[in-house]
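Single-structure report; data block below.
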């Protein structure tokens, strides 16, 4: 029974180390925004869409496709400038020939956003997946301190556990040799 528990603990620590390393590497390689199965994970920084999703949550958006396809009621993520993304609900679709723009509004806001969103500024569509409070953890993982802690701490546990296992095996071999 102890051997089974020991094996399970070893594998769990190894898996945690590998998953953590992969999350940090993927996050850094993708420019800081993690991706999972083709979906982009975005942190919610304000309460403008509460109660649909709360501040500090992570939402999944599906990027790409025809950005003129959206309808009233869809929730989209769009660029306001080079560094700012907003996720709001479409309250009206404006069509002018081939040009499409969207009037958006946060569910928790009293008024619609002042400027319609051009379809070329849409990054993706919210697909209904929300993980509450995970944004805080991802922000920590993306920081230098978080990356170091999440790489080193599981590694230290795995190394310490390996050393204890090796010492135990050596002691068993020495006691078998002494008994012969």
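Structural remarks
- When residue 151 is tested against (1) closer than 29 Å to residue 64 by Cβ; (2) touching a residue at least 24 places away in the same chain (Cβ under 8 Å); (3) under 24 Å from the mean Cα position of the chain (by Cα); (4) part of a helix (DSSP H, G or I), exactly one condition is not met: (1).
- Residue 63 being surrounded by fewer than 12 Cβ atoms within 10 Å (Cβ to Cβ) and at pLDDT 85 or above: no
- So residue 97, is it within 19 Å of residue 128 (Cα to Cα) and exposed (fewer than 12 other Cβ atoms within 10 Å of the Cβ): no
- Some residue of the stretch 100-112 being in a loop (DSSP other than H, G, I, E, B) and modelled with pLDDT under 90: no
- Qualifying residue in the stretch 113-134 (condition: more than 19 Å from residue 41 (Cβ to Cβ), free of Cβ contacts under 8 Å to residues at least 12 places away in the same chain and assigned by TED's automatic domain parsing to the domain that holds residue 40): yes
- Test result for residue 116, surrounded by 15 or more Cβ atoms within 10 Å (Cβ to Cβ) and modelled with pLDDT under 80: no
The values are calculated or read from the model by the stated rules, or taken from the named source; none is laboratory data. The shown structure was predicted, so the numbers you read here are calculated from the model rather than taken from an experiment. FYI the Cβ positions are ideal-geometry reconstructions off the backbone, even for glycines, and counts take in every protein chain you see.
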